[in-house]
Structure formats: structure tokens, C-alpha cells
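Step one of this worksheet: look at the structure below.
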Amino acid sequence: MGPLQYLFLCGLLYTQTDGSRLRQEDFPPRIVEHPSDLIVSKGEPATLNCKAEGRPTPTVEWYKDGERVETDRDNPRSHRMLLPSGSLFFLRIIHGRRSKPDDGSYVCVARNYLGEAVSRNASLEVACKFLSKLSGRTGTNLGEGHLRVA
């Protein structure tokens, strides 16, 4: 077998041995779409986006406030679904005393055997509805001094 030759093309490393075809090399994960901060009303659906590249294709896990997020892959009754893209979909946002609330700081982590990549933090805040005693109108508290009145 002859000397090994390398070719760097479009950010990917390929190898070639004499007389053989180019073969794409494995590479560690990288996040190509980071999640964004969300403000969502209780009971509404929401999606935290995350997309990762790598070879082999990385697995994606989500963490909320440093703890791994349980999804439908762990528990079929979960209200959180890990989408094929790596995004985290909430069937409904939970915010209450009886169950663990969804608001917090989230990151997605993509892993393959070559390493891991961690997304930027994204906060998910729950907008709380209330009734104004002065006007009798319904409002939504959007957090930190923001208010929408309907």
C-alpha cells in the first residue's frame, strides 16, 4: 500500500490511499443551531431548537439547570419529546406546585465517540396570567417588568 494522502475539502478531512476513492473521516460534534430564550404561557406548546453535526451522527441530550431532562425516550408518558433534529419539544409547558416546572436554563449536549459539544444556554420562562383588579382586564406577565394586557 502506498503513502496516505489527505485532502481538506469544505471543512471536512478526507483520506486517500493510492488507487482508492476518497473517504470522509469521522469528526467530533459541533452545534450548528443553538437554542434561543423563550417566554411561553403555561399549558402552551414550545420548542427549544438544537441542531448538531458530527460523524458519526451525534446523540443529543438536554439539561435543565444542570440536570438531565427526561423525554419521551426515557418515559413514554413524558410531556417532553426529543425530536429527530435534536430539538426539545414540550407538548405543554408545566408551571405549578404539583409537578416540576419547566422554567429554567437549558443546554443541549451533542456526543459521539470523538467528543461532545455544548450549546449556549437558553432560558425558558413561563408567562403568568392574572386579572387586574383596577381594570378587570386580563394581563400576561412576561417577566422582569414586561406586561401584555388583553
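The values are calculated or read from the model by the stated rules, or taken from the named source; none is laboratory data. Note that the structure is predicted; figures quoted are calculated from it, not measured. Here the Cβ is made from the backbone with ideal geometry for all residues, glycine too, and neighbour counts use every protein chain on show.
Observations
- In this entry, residue 127 is excluded by the filter for residues that are among the aliphatic types (A, V, I, L, M), at pLDDT 95 or above and either surrounded by 14 or more Cβ atoms within 10 Å (Cβ to Cβ) or over 30 Å from residue 24 (Cβ atoms) (or both).
- Only listed residue being within 30 Å of residue 25 (Cα to Cα), part of a strand (DSSP E or B) and touching an Asp or Glu at 6+ places or on another chain (Cβ under 7 Å), chosen from 117, 52, 110: 110
- Verdict on residue 118 being surrounded by fewer than 16 Cβ atoms within 10 Å (Cβ to Cβ), modelled with pLDDT of 90 or more and either touching a strand residue (DSSP E or B) at 6+ places or on another chain (Cβ under 7 Å) or within 17 Å of residue 37 (Cα to Cα) (or both): yes
- So residue 71, is it surrounded by fewer than 17 Cβ atoms within 10 Å (Cβ to Cβ) and either at pLDDT 95 or above or within 15 Å of the chain's Cα centre (by Cα) (or both): no
- Residue 87, sole failed condition from (1) in contact with a Ser or Thr (Cβ under 8 Å, 6 or more places away or on another chain); (2) surrounded by fewer than 18 Cβ atoms within 10 Å (Cβ to Cβ); (3) polar (S, T, N, Q): (2)
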